[in-house]
Amino acid sequence: MFAERVLSGMRPTGRLHLGHYHGVLKNWVRLQAEYPCLFFVADWHALTTNYDNPKVIEDSVWDMVVDWLAAGVDPNQSTVFIQSRVPEHAELHLLLSMMCPLGWLERVPTYKDQQEKLSAKDLSTYGFLGYPLLQSADILIYRADKVPVGEDQIPHVELTREVARRFNHMYGREPGFEEKAKEAVKKLGSKRAKLYEEFRTRFQQNGEEDALERGKALLEEAQSLSLGDRERLYGYLEGGGKVILPEPGVLLTEASKMPGLDGQKMSKSYGNTIFLRDDSETVSKKIRTMKTDPQRMRRTDAGDPEKCPVWQFHLVYSSDETRSWVTQGCKSAGIGCLECKQPLIDAVQKEQDAMRERAQPYLDDPSLVRSIVADGCDKARKLAQETMREVREAMGLSYS
Ligand code: TRP
Ligand code: SF4
């Protein structure tokens, strides 16, 4: 609904590794060619768990943005910004907190999970409980309809939908809604107005979903509508009040197939990562020292790729041809493990060379990154301010 728009954020809590690249960044890069995208550094979200050590955040923010750019996020296609530089997120979070039932937050699964997982930290804080609501504000303030996230984040988007629904229900009922909606229909021009009325009747009387979709598409095409009229017409079409905060949908990001050096999930806390900024020496060394099938003690022992973390890397990086060479050579002891790893070293190096090349101008001149982010913040802020005007008015805060 409204403009198709993608929004996603990442917390700055340390250096990015191949798991981030294959799991998230490649996906962002693909999306930016298809949709207008907003990608932001969720520094306030990082503070909810790192409030006692904010230095990590400060240290990671710019490197993280450089890693995004290195991975191919293109500032000409995507808006890249920092959450805390768009303070409207905080205002919307506060306003949503007025009407968000406590129980909705307490039952978000990540709340208890993370508290248990990070038991060394005291996370019985107000801010941590509000984590998913802050995320809702991030999403709703841009009226984003597509949120690419991993599975663990689905409950947060689900909460966002519930919050939006409640908000629209409570505050979308302006006085004289019907009359205003009818006025807005006229502004569509007679041909469109007639179609709109037809779709509306078909949806509301016969429940034809198809008519609803076509009505929405019609509104999307109607360029000249003001934001307020657009909200009214969406709401009028569906039979409610104004749709001030549209409900977002999830774009599920497949779990990263990128395993760690030891075959477990690649994660900083397991110490099994290849960082995007590792130099080529380090990359080679990390792969060369990877553990292999424990049955293959000697070069002459046959092995089984299924029991070897190196094979997992081949699944990400190698062609069918190379893979059958590996399977054969391993099972017949025809190749050695170092030999088996060489194509991987080459493939990861090649991938990272491209990233290093893209990162270099930003490392040479950090002011480039600052200015990309400053532009992004300006753009994001304009969008956020527009939504906040509507939200304040709907909540009765625009009095003079
Ligand atoms: N919570 C998300 C994560 O940990 C980061 C995030 C914050 C986010 N705000 C967002 C993701 C809004 C998508 C949309 O990965
Ligand atoms: Fe693993 Fe390759 Fe060695 Fe087989 S040959 S054990 S797949 S590293």
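The values are calculated or read from the model by the stated rules, or taken from the named source; none is laboratory data. Source: prediction; values computed, not measured. FYI the Cβ positions are ideal-geometry reconstructions off the backbone, even for glycines, and counts take in every protein chain you see. What goes into the accessible areas is simple: the full protein's heavy atoms, side chains included, and nothing from ligands, DNA or RNA. Shrake-Rupley method; radii C 1.70, N 1.55, O 1.52, S 1.80 Å.
Condition (residue is more than 9 Å from ligand 2 (Cβ to nearest atom) and either polar (S, T, N, Q) or closer than 22 Å to VAL283 by Cβ (or both)) applied to the stretch 301-311: is it met by at least one residue? Scanning the stretch 301-311 turns up no residue that is more than 9 Å from ligand 2 (Cβ to nearest atom) and either polar (S, T, N, Q) or closer than 22 Å to VAL283 by Cβ (or both).
Matching residues to (1) among the β-branched types (Val, Ile, Thr); (2) assigned to a helix (DSSP H, G or I); (3) within 30 Å of SER84 (Cα to Cα):
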| position | (1), (2), (3) |
| --- | --- |
| ALA333 | no, no, no |
| ALA359 | no, yes, yes |
| LEU368 | no, yes, yes |
| VAL373 | yes, yes, yes |
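Based on what the data block shows, is MET290 modelled with pLDDT under 95, in a loop (DSSP other than H, G, I, E, B) and either open to solvent by 10 Å² or more (accessible area, probe 1.4 Å) or within 16 Å of ligand 2 (Cβ to nearest atom) (or both)? Considered against the rule, which asks whether it is modelled with pLDDT under 95, in a loop (DSSP other than H, G, I, E, B) and either open to solvent by 10 Å² or more (accessible area, probe 1.4 Å) or within 16 Å of ligand 2 (Cβ to nearest atom) (or both), MET290 comes out as no.
Of all the criteria given as (1) touching a helix residue (DSSP H, G or I) at 6+ places or on another chain (Cβ under 8 Å); (2) in a loop (DSSP other than H, G, I, E, B); (3) surrounded by 14 or more Cβ atoms within 10 Å (Cβ to Cβ), the one not satisfied by SER124 is (3).
Yes or no: PHE81 within 20 Å of SER8 (Cα to Cα), assigned to a helix (DSSP H, G or I) and of a type in the set (A, V, I, L, M, F, W, C)? Criteria not met by PHE81. Once the stretch 305-317 is narrowed to residues that are open to solvent by less than 50 Å² (accessible area, probe 1.4 Å) and either in contact with a helix residue (DSSP H, G or I) (Cβ under 7 Å, 6 or more places away or on another chain) or in a helix (DSSP H, G or I) (or both), the residue that is nearest to ligand 1 (Cβ to nearest atom) is VAL316.
The single condition among (1) over 30 Å from ASP353 (Cβ atoms); (2) modelled with pLDDT of 90 or more; (3) buried (at least 18 other Cβ atoms within 10 Å of the Cβ) that GLU197 does not satisfy is (3). Scanning the stretch 81-120 for residues that are open to solvent by 30 Å² or more (accessible area, probe 1.4 Å) and touching a Ser or Thr at 6+ places or on another chain (Cβ under 9 Å) returns ALA90, HIS93, GLN114, GLN115, LEU118. Please specify each residue of the stretch 270-280 satisfying the condition of being open to solvent by 80 Å² or more (accessible area, probe 1.4 Å) and either of a type in the set (Phe, Trp, Tyr) or over 32 Å from the mean Cα position of the chain (by Cα) (or both). Within the stretch 270-280, TYR270 is the sole residue that qualifies.
Only one of the numbered conditions (1) over 20 Å from MET388 (Cα atoms); (2) among the small types (Gly, Ala, Ser); (3) touching a residue at least 12 places away in the same chain (Cβ under 8 Å) is violated by ALA137, and that is (1). Based on what the data block shows, is GLN83 more than 15 Å from ligand 1 (Cβ to nearest atom) and in contact with a strand residue (DSSP E or B) (Cβ under 8 Å, 6 or more places away or on another chain)? The answer is no for GLN83.
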